[in-house]
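Here the structure comes first, spelled out in structure tokens, and everything after it is commentary.
The values are calculated or read from the model by the stated rules, or taken from the named source; none is laboratory data. Quick caveat: nothing in here was measured; it's all calculated off a predicted structure. Ideal geometry is used to build each Cβ from the backbone, glycine not excepted, and the neighbour counts take in all protein chains shown. Keep in mind that these areas ignore ligands, DNA and RNA; they rest on the heavy atoms of the full protein, side chains included. Shrake-Rupley method; radii C 1.70, N 1.55, O 1.52, S 1.80 Å.
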Amino acid sequence: MEKRVTFKGWKLPLLLILPQVFVSAVFFFYPAVQAIWQSMFIPDPFGLSTRFVGLGNFEYLFSNSHYRASFVTTAVFSLLVTLCSMVPALFLAVLADRLVKGAGTYRTLLIWPYAIAPAVAGVLWLFMFNTRIGIVSWYLGKLGYDWNHVLNGAEAMGLVVVASSWGRISYNFLFFFAALQAVPKSVIEAAAIDGARFWRRFFTIVLPLISPTTFFLLVVNVVYAFFETFGVIHTITGGGPQQSTTILVYKVFSDGFVGQDLGSSAAQSVILLVVVGALTVVQFKFLEKRVHY
Amino acid sequence: MKKFAIGAMIAGTTMLSPLVASAQTEIQFWHAFTGRLGELVDAQVVAFNGGQSDYKVVASHKGNYSETLNAGIAAFRAGEQPDILMVFEVGTATMMGAKGAVKPVFQVMADAGASFDQDAYIGAVKGYYTDTDGQMLSLPFNSSTPVLWVNRDALTAAGIDADVDLSTWDKIGPVLDQLKAAGSTCPLTTAWQSWIHLENLSAYHNVPFATKDNGFAGLDAELAFNSPLQVKHVQTMGDWAKDGKFIYAGRRNEGGANFRAGECALFTESSAGYAGIKAEAKFAFDVRPLPYWEGVEGAPLNTIIGGASLWVMEGKDEANYKGVAEFLNYLSSTPVQAQWHQDTGYLPITAAAGDATREAGFYEANPGTDIAVIQMTTNTPTANSKGIRLGNFDQIRTIIDEELEGVWSGGKDAQTALDSAVTRGNELLRRFEAASR
């Protein structure tokens, strides 16, 4: 049985959604339509002349093996960032949830990293892992491991994933923690009386009960990995070495703002729009079925 | 902080009156300098404003080179462009292609009736920014050229005579062996790998970097830096990297920190690295000409410049252009140029400024500071060493960086990497050609 709130007539509901529609129109639909329009032209940087090429920009992109490889890079990166930011966050939330004393202090400390801008977080991690002067790479060197993310693509990917996930753990922690607090104690106590151990209770009772939060975070974190990690990548690797950390959104930036190739850049944002749209639809269609509200 | 610095400068300069009369014409000047260079630019502007009362130049920092160019382009599209925009050398083709957005400097000077002797400018510097008729399209502002920086103490520590001949790459090989054998963790490092080890390498040995006179003669140029000489050089560097004799630190000037900290023995970097090295290095250092390969005909020819030039934007009033002309002439004047050259390590843009610096005894007091000037001016530039003018060049450099990294990490051999860079770069050139048609 679904509960529905019903309005009499159309005027009030329309009025209520108007601000949202207005914001979406200005900040989403208008730029999106512009991007689609621009993606069919090759303009010169100054906007002095443009040439209509139809789907030429898309052909150009998909014939480029590096652009196609960027899809794989993006998939790997987003998966890793989502995992690395959600799993530790849940673990920390479970631990914090069990605390009796000092919970407030821990919570506050755990939330701190979220206050740091991605670009700044990128610089912090870059300092620690700097191949020559970084403290972590220095210790790794002591252990006999030669850290060099400047040349090693896998290490570069690892570093941008960790740097992107770090601040995000705080954000996810906050949501998980709230969700855990909302799990009815009576259910857990009943299971405990029946003899279920902590981890069994966690997997069979708690996890399903917080699944709406997990689902929400999944969607939000994938979108985050797709779009907002730009600052981290820009400061740490600049997309290198050899494009091993060039995710789709970074390529939009570097082609558009470094290369001044606005046609290609617009076409890429259209593709990105389609990809993220499709991804969200998939998530809602298939994953949401397994979510219990 | 910046406001404070400017404020301090104004307060500290007695000859100036910062108060502005309303009749003045404002000249907007967007640049990409921060730190010490930013202060020096501001000082030039303050001095110009104080020296006359008709114009007031307003200098604004707009981020790094790429960001400044972007800011200029975005502003032009919005109809709010500055009068003068600083654009780095790789953006030259973009600016030249923007007919209707920029007003060539020689035109500005002629329209304003200002005196403008193009022959006074050093050929190797202005050549980067002239059209096919030799007319100056923009005014070179900060130009530098790569040289070899040497940590003399590191050589001595490895049992090598600090005055050892390092003029050719052939002679550098054994020195790197000795350094490595003596336990050096960084015998050689570099900054700006594409600029130094491909663009300048090509010019220095009189081989083309791209067809059509490196792009000067037309938009249909194709990259050509996969010829035997460049392959040999990159392969040698790759082998050195594998043996730990060449340490790669990053795409920009990350290697500078390692050199200034005393870790690296040899360092190929811009002559403009002078200020930083002089300030930080706690070891004896000197400057040598960039090494070349023995047995290549015509080598060493001349190296080419990097840096930025000032472009004048279209769409301003006549009065503004008169002011711009006056300001550009002020910047080119001998005392201002000589001071700039001595303060920063950038090349003087006029021969007179170089002479003034020599007469003042600066080169004797600071040995090696004239190496860059000599390296640039001893030989007459050819079509291969005048400069490089390619569209999408910033992105092509990124491609070159990526492919070179493939060689340094041992994943690719030099021929494969350079062939791939040429193919990928040519795609971007065709893209630019299509957009500029």
Among the residues of segment A:249-258, are any at negative phi, away from chain B (no Cβ under 14 Å), at pLDDT 90 or above and touching a helix residue (DSSP H, G or I) at 6+ places or on another chain (Cβ under 6 Å)?
yes
Can you run down the residue pairs with Cβ atoms below 7 Å, 6 or more apart or on separate chains, where the first is in segment B:90-105 and within 7 Å of chain A (Cβ to nearest Cβ) and the partner is among the aromatic types (Phe, Trp, Tyr)?
B:ALA98/A:PHE46; B:ALA101/A:PHE46; B:ALA101/B:PHE76
Restricting the search to segment A:224-238, which residues are outside any helix (DSSP H, G or I) and not charged (D, E, K, R)?
A:THR229, A:THR237, A:GLY238
In segment B:84-118, which residue that is assigned to a helix (DSSP H, G or I) and open to solvent by 40 Å² or more (accessible area, probe 1.4 Å) is nearest to B:GLU318 (Cα to Cα)?
B:ASP111
Over segment B:375-386, the set of residues at pLDDT 90 or above and either in the same structural domain as B:VAL287 (by TED's automatic domain parsing) or in a helix (DSSP H, G or I) (or both) is B:GLN375
With the requirement that a residue be closer than 19 Å to B:THR398 by Cα and either in a loop (DSSP other than H, G, I, E, B) or not assigned by TED's automatic domain parsing to the domain that holds B:ALA154 (or both), what does segment B:174-210 give you?
B:ALA191, B:TRP192, B:PHE209
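Quick grid of which residues meet (1) surrounded by 22 or more Cβ atoms within 10 Å (Cβ to Cβ); (2) over 23 Å from the mean Cα position of the chain (by Cα); (3) under 30 Å from A:THR237 (Cβ atoms); (4) not hydrophobic (A, V, I, L, M, F, W, C):
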| position | (1), (2), (3), (4) |
| --- | --- |
| B:THR377 | no, no, no, yes |
| B:THR380 | no, no, no, yes |
| B:GLY391 | yes, no, yes, yes |
| B:THR398 | yes, no, yes, yes |
| B:SER409 | no, yes, yes, yes |
| B:ASP413 | no, yes, yes, yes |
| B:ARG424 | no, yes, yes, yes |
| B:ARG431 | no, yes, yes, yes |
With the structure loaded, tell me whether B:GLU67 is part of a loop (DSSP other than H, G, I, E, B), acidic (Asp, Glu) and over 23 Å from B:GLY218 (Cβ atoms) or whether it fails that test.
no
Specify which of the listed residues (A:TRP125, A:TRP138, A:TRP147, A:TRP166) is within 14 Å of chain B (Cβ to nearest Cβ) and assigned to a helix (DSSP H, G or I).
A:TRP138
Out of A:THR82, A:THR108, I need the residue that is more than 14 Å from chain B (Cβ to nearest Cβ), modelled with pLDDT under 95 and not in a loop (DSSP other than H, G, I, E, B). Which one?
A:THR108
Take segment B:21-33 and flag every residue that is open to solvent by 20 Å² or more (accessible area, probe 1.4 Å) and at pLDDT 85 or above.
B:GLN24, B:THR25, B:GLU26, B:GLN28, B:TRP30
Can you give me the ranges of the helices (runs of 4 or more DSSP H) entirely in segment B:258-347 with at least 2 residues that are of a type in the set (D, E, K, R) and at pLDDT below 90?
B:274-280
